[in-house]
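The values are calculated or read from the model by the stated rules, or taken from the named source; none is laboratory data. The structure presented is a predicted model; accordingly, all values stated were derived computationally and were not measured. For neighbour counting, all protein chains shown are included, and Cβ atoms are generated from backbone atoms with ideal geometry for every residue, glycine included.
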Amino acid sequence: MSVSARPEILGLKVYVAGKPIDELKRELGLTEVIKLASNENPLGPSPRAVQAIVEAASTVNLYPLQDHYYLRQKLSQRWNTDMEGIVAGSGLDEMIEFVGTAFIGPGDEAIVPDPSFSSYDHAVEKMAGHLIKVPLKDFTVDVRAMLAAVTPKTKLVFVCNPNNPTGTTISATEVDYLLDHLPPGVVTVLDEAYAEFVDRADYPQSINYVKAGRPVIVQRTFSKVYGLAGLRVGYVITTPQIAGYLQRVRGPFNVSSVAQAAAVAALDDEEHVRQTVANNRAGKEYLYREFERLGLPYVPTQTNFLIVDVKGPSTPVYQALLRQGVIVRQGTFFGLPTMLRVSIGTMEENRRFIQALEKVLPGNAS
């Protein structure tokens, strides 16, 4: 018996995640594998979060708090903002889906940088909206080109800042210019999943746009600096009006009780955040030096990953690295065919990656 689905979903691409460690071990019979593909925290979760997980485990027979009260209360205190403007979800992927569902209808347009985070595309196209992709300029979001792409059908503008996969940022001045020149009613999504790693002095304090009543959605996650990627906790800070729209499309009990407890505890562990950021900074500087020694161009990053040009097709290098037990991301996923995207790991993992890369680069492989 044949069935049919909505035509809008037939062209959607299934998300391809970074290769799991266990899968590579099984496929190649390897015993030691490192994964530098998904921008995960190499130091693991906060010890406080782990303890909260243990304590919450005994209550999983009960449904979680539907309104995420304690998590939203803690975030409201952290950001000194209205609790009614905070919405939580199962990772930022779900939050992006909420945004698309709330604001995009058939024929509506959303402007996205290209390349950028693929979840924006999925959320818009699923709702029969049209994507307007604006190429990056020097691997960075081009604000003026995005403004030039605005039409009367534009409903959303996504700005990934820092941008994934390039690791670059735009300044507060550039975000100000964007918001000041967008037509009334266009909602701007500022995706700041990697904001805690940014050390650029002119990075925007985006919560201030929300406090000023601008139509802005600021996105944050517990997956990166807090090391809770496996629990899936993301949130947005926005105006109470926009939050009300997102709450209407949110399903019940969408963040587990264990995840809520871990996120609340992680917010209190500032030492774990400091250690994570310090490890990332040291690893970044090491990789810069090694890429320069190997003569490989790279894009300076404000995140816990970076892209490097292997000066030839990246797929064979990616595959050769897999055989060395090192998982990264090939740039073909992002339209960057000579690039690899590499997460910054522990110093031991970074050194192992460089050793493997040096072995498999064209001209070096035996």
Restrict the check to region 76-83 and report whether at least one residue is touching a residue at least 60 places away in the same chain (Cβ under 8 Å), acidic (Asp, Glu) and not in a strand (DSSP E or B).
-> yes
Listed by range, helices (runs of 4 or more DSSP H) wholly within region 103-212 having at least 2 residues that are more than 30 Å from Glu271 (Cβ to Cβ) and within 19 Å of the chain's Cα centre (by Cα) are 119-125
- Evaluate region 306-319: report whether one residue or more is in contact (Cβ under 8 Å) with a residue 60 or more places away in the chain and closer than 26 Å to Glu196 by Cβ. yes
If you go through Tyr209, Tyr177, Tyr203, Tyr194, the only one that is crowded, with 24+ Cβ neighbours inside 10 Å and not charged (D, E, K, R) is Tyr194
Output for Cβ contacts, cut-off 7 Å, separation at least six or different chains, first residue farther than 13 Å from Ile9 by Cβ in region 109-137, second polar (S, T, N, Q), reads Glu109/Thr151; Glu109/Thr154; Ile111/Thr154; Pro113/Asn163; Ser116/Asn163; Ser116/Asn164; Phe117/Asn164; Leu136/Thr166
In region 236-249, residues that are over 18 Å from Gly185 (Cα atoms) and buried (at least 22 other Cβ atoms within 10 Å of the Cβ) total 1
| request: Examine region 205-215 for a residue that is under 17 Å from Val141 (Cα atoms), of a type outside the set (Lys, Arg) and at pLDDT 95 or above, and state whether such a residue exists. | output: yes
Note on Glu290: of the conditions (1) out of contact with any strand residue (DSSP E or B) (no Cβ under 8 Å at 6 or more places or on another chain); (2) part of a loop (DSSP other than H, G, I, E, B), unmet is (2)
Say whether the condition of being of a type in the set (Ser, Thr, Tyr), at pLDDT 95 or above, buried (at least 16 other Cβ atoms within 10 Å of the Cβ) and in the same structural domain as Ile354 (by TED's automatic domain parsing) is met by at least one residue in region 277-292. no
